[in-house]
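Input: a single structure, listed below in structure tokens.
The values are calculated or read from the model by the stated rules, or taken from the named source; none is laboratory data. Owing to the predicted nature of the structure, the values given are computational and were not obtained by experimental measurement. With ideal geometry, Cβ positions are generated from the backbone for all residues, glycine too; neighbour counts draw on all protein chains shown. The accessibility values were calculated without ligands, DNA or RNA, using every heavy atom of the protein model including side chains. Shrake-Rupley method; radii C 1.70, N 1.55, O 1.52, S 1.80 Å.
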Amino acid sequence: MSSPSRQALVPFVSVEHMMRLVLHIGVEQMMVDLAHAIEADFRRWPEFDKTPRVASHSDIGVIELMPTSDGQHYGFKYVNGHPSNTRQGLQTVTAFGVLADVATGYPVLISEMTILTALRTAATSALAAKWLAPRDARVMAMIGNGAQAEFQALAMKALCGIEEVRLYDIDPAATRKCSANLAGRGLRVIACTTAEEAILGAQIITTCTADKQYATILTDNMVGGGVHINAVGGDCPGKTELHRDILLRAGIFVEYPPQTRIEGEIQQLDPDHPVTELWQVISGAALGRRDAGQVTLFDSVGFAIEDFSALRHVHQCLQGTGFFQELDMIADPDDPRDLFGMLCRAEAAVRVA
Ligand code: NAD
């Protein structure tokens, strides 16, 4: 049997290889680099194909496909969200993705994206906070101390200079896990027993809880002037974290409005409620924080361009490393129109063997 050509071998990054790559670069450095990659792609936002993600809902979760292209590369992510999974020892969010060359349609990378999603989500949060949060923010509250939490805290430290993180979760075991993982990483870590205690003195409040319902993690009276809220956990229809009154007085910033209106906190508002797109703030086309007293809200749901940026960044980082294996994924007959002949030759080779 003939061996496949170089183009037919697709680099595959397993979970093990992704961890080795991230540790090689450094987890905080990786998130800083991802934030720069996302920021650069947000600056050229109009070049991308954009569509709300394609979601398949069940009573207990969602499976989604997130495609985009800049005309040179095409990328998509497969991702799920199942808040009750952790009760069975499974993760709430898992993902993998593909990057392809638009000129040939051939994939150039296939990668795990569970770890990469946590990194890119945290990088996007910190990027939004860099543009919207008060400049002197040094304290953040982290409400929801599950799989995403440590990434969120460390990205805010690396990109925004956060020095203290105040943790709260309805499950104290999650807070203990998060405190232990963050120990010795240069943050003052305070474990709290209520959400009210967690937000004391915080200029950045991140909510990253998982529950498929209209939850009220923050009520209006809990949020003082000048605070930046980073609402990460509400990311599908019927799943929100903030009381509607907070939204009515906040400056709201989103990724892609047609998707966020379906999935984000703003699903609670009228469909024409004004929002600002984050890319417009980054590119200078729109104002970010208006004044020191304004409550700013990044209504994060996760958009395909962030995954595209992350896949392209990983693709670049892989060059010259051994942190991948090559998958024989694309059928590669010597004569491209003789696919059946390739099968016949394989049959003959199997018979001889
Ligand atoms: P997880 O299940 O690992 O952690 C969620 C945590 O929230 C758990 O520890 C749980 O005890 C806690 N929690 C639930 N209800 C709470 C409440 N009322 N108050 C305080 N804590 C509460 O999930 P995860 O992987 O960390 O993801 C969290 C959420 O973020 C999910 O809803 C997920 O869909 C979402 N998410 C969003 C993005 C994005 O880009 N916006 C990306 C990844 C994940």
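Using a 1.4 angstrom probe on heavy atoms only, work out the carbon and sulfur share of the accessible area of segment 265-353 in %. After summing per-atom areas, the C and S share lands at 54 percent. Helix 149-160 and the longest principal axis of the C-alpha atoms of the chain enclose an angle of approximately 80°. With all protein chains in place and a 1.4 Å probe, the accessible surface of segment 17-108 carries 56 percent carbon and sulfur. Cα gyration tensor of segment 83-198, axes a ≥ b ≥ c as square roots of the eigenvalues: rounded (a/c below 1.5), prolate (a/b > b/c) or oblate? Since a/c reaches 1.5 but b/c is at least a/b, the shape of segment 83-198 is classed as oblate.
Going by a ≥ b ≥ c, the root eigenvalues of the Cα gyration tensor, does segment 60-149 fall in the rounded group (a/c under 1.5), the prolate group (a/b larger than b/c) or the oblate group? Walk me through the numbers before you get to the answer.
Details: a/c = 3.01, a/b = 1.29, b/c = 2.33.
It comes out oblate by the Cα gyration axes.
If you take the Cα centroid of segment 10-84 and the Cα centroid of segment 324-353, the two points sit 32 Å apart. Using only Cα atoms and rounding to the nearest 10 degrees, what angle (0 to 90) does helix 114-132 make with the longest principal axis of the chain? Computed tilt is about 40 degrees.
Computed extension gain for Phe340 through Asp291, at 0.36 nm per residue and net of the alpha carbon distance, reaches 10.9 nm.
Projecting label points 7 angstrom from Cα along Cα→Cβ for Glu197 and Ser56 puts them 4.4 nm apart. Counting every alpha-carbon pair across segment 220-284, the share separated by more than 20 Å comes to 24%.
Heavy-atom accessible surface of segment 1-98, averaged per residue, reaches 52 Å², computed with a 1.4 Å probe. Of all beta bridges that DSSP places with both ends in segment 156-304, some 5 percent have antiparallel geometry.
With every protein chain left in place, what is the accessible area per residue of segment 221-353 in square angstrom, probe 1.4 Å? Each step should come with its number before you reach the end.
Numbers: 6010 Å² over 133 residues.
Here the residues of segment 221-353 average 45 Å² of exposed surface.
Here, segment 108-162 has an Rg and a Dmax of 12.4, 42 Å when only alpha carbons are counted.
Counting only protein chains, not ligands or nucleic acids, how are Arg289, Arg351 ordered by accessible area (probe 1.4 Å), most first? Please list the in-between numbers first.
Working: Arg289 45, Arg351 180 Å².
Accessible-area ranking of Arg289, Arg351, largest first: Arg351, Arg289.
Annotation: the antiparallel percentage among DSSP beta bridges lying fully within the chain is about 50.
In terms of its C-alpha gyration tensor, segment 1-112 has a rounded overall shape, because the principal axis ratio a/c (a ≥ b ≥ c, square roots of the eigenvalues) stays below 1.5. What is the log10 of I(q)/I(0) for the chain, computed with the Debye formula using one identical point scatterer on each Cα and no solvent, at q = 0.14 Å⁻¹? Scattering profile of the chain, log10 relative to I(0): -1.13. Both radii are taken from the alpha-carbon atoms of segment 292-353; with Rh as the Kirkwood radius, Rg/Rh is 1.36.
Wrap a convex hull around the Cα atoms of segment 159-265, take a quarter of its surface area, and give that in square nanometres.
Details: hull surface 29.0 nm².
That works out to 7.2 nm², a quarter of the Cα hull's surface.
Ligands, DNA and RNA left out, the 1.4 Å accessible surface of segment 111-177 is 57% carbon and sulfur atoms.
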